[in-house]
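Read the structure below first, then the notes.
The values are calculated or read from the model by the stated rules, or taken from the named source; none is laboratory data. Note that this is a predicted model, so its numbers are computed, not measured. In this analysis, Cβ positions are derived from the backbone assuming ideal geometry, glycine residues included, and neighbour counts consider all displayed protein chains. All accessible areas refer to the heavy atoms of the entire protein, side chains included, with ligands and DNA or RNA removed. Shrake-Rupley method; radii C 1.70, N 1.55, O 1.52, S 1.80 Å.
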Amino acid sequence: MLKLMKLDWTAIKCYRIRCLLIPVALLVNGIFSTILMAPLGVFLLFSFSINFFAVEEQWNLNRLYLTLPVNRNRMVVGRYLLSLLLFLTGVLSGFALMPFANLFSFSRWYPDWKWRLALGAFCFLIYALMNLAMYPVLFKLGYQKGRIWGYYIPCILTGLIYLALVEYDIMTGGTFIRDALLYAAEHILTVSGGILLLGAAVWALSLCLSLRIYARREF
């Protein structure tokens, strides 16, 4: 499993330089809202994981992977675990850069651990939904055939929802997101815990679909 994850990561070596742009994008976003830095980090790093499918198809790595002494299920699970690591990196990057963004941001935020847990749960749900919208399609069709429905459309919809949320928060005086996170922080078990469980269920559904789809795919 770990060798497959390492192989996937090595295959996208030519794209890894782009990761350096993510902290810059997070700090630019932090000028307007530090609260949304973690969700943006999750979105950008998960979008980066699509390069696994692009390189796999470009270099015909599927056939190479199938020659290894592992079954297809391990290949799928390995890619999901790698995407989970990217999710964690996105959340932690957003939290780590918040203190720097607070130095110049128009909307400063100094969260305690309860607020961070609430935002982390929300980020996990975003990641799980994007995973469900993208990975099963890409495992079924590949990058070239599936990138419109399995990448571009989910990214556009996510971006529109993100912009709508930001605009609505601005219209409400910057209190909507804070109030929602405050409520979640005050009701950790019912709200934050419920969101985490929902995200876990969505992630598991996405994994099961991808396992079933990739097992039947012909190359």
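General remarks:
- Hits in segment 158-206 (condition: outside any helix (DSSP H, G or I) and exposed (fewer than 13 other Cβ atoms within 10 Å of the Cβ)): THR172, GLY173, THR175
- Taking (1) surrounded by 19 or more Cβ atoms within 10 Å (Cβ to Cβ); (2) over 16 Å from the mean Cα position of the chain (by Cα); (3) of a type in the set (D, E, K, R) in turn, ARG72 satisfies each apart from (1).
- Qualifying positions in segment 100-117 - assigned to a helix (DSSP H, G or I) and open to solvent by less than 40 Å² (accessible area, probe 1.4 Å): ALA101
- Residue within segment 207-215 that is surrounded by 13 or more Cβ atoms within 10 Å (Cβ to Cβ), aromatic (Phe, Trp, Tyr) and either out of contact with any Phe, Trp or Tyr (no Cβ under 9 Å at 6 or more places or on another chain) or assigned to a helix (DSSP H, G or I) (or both) present: yes
Residue-wise test of (1) farther than 30 Å from ARG74 by Cα; (2) not polar (S, T, N, Q).
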site	(1), (2)
ARG108	yes, yes
ASP112	yes, yes
TYR127	no, yes
ALA133	no, yes
ALA164	yes, yes
THR172	yes, no
ILE177	yes, yes
TYR183	yes, yes
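- Annotation note: of GLY142, GLY146, GLY120, the sole residue that is assigned to a helix (DSSP H, G or I) and at positive phi is GLY142.
- All of LEU85, LEU66 fail the test of being modelled with pLDDT under 80 and loosely packed, with under 15 Cβ neighbours inside 10 Å, apart from LEU66.
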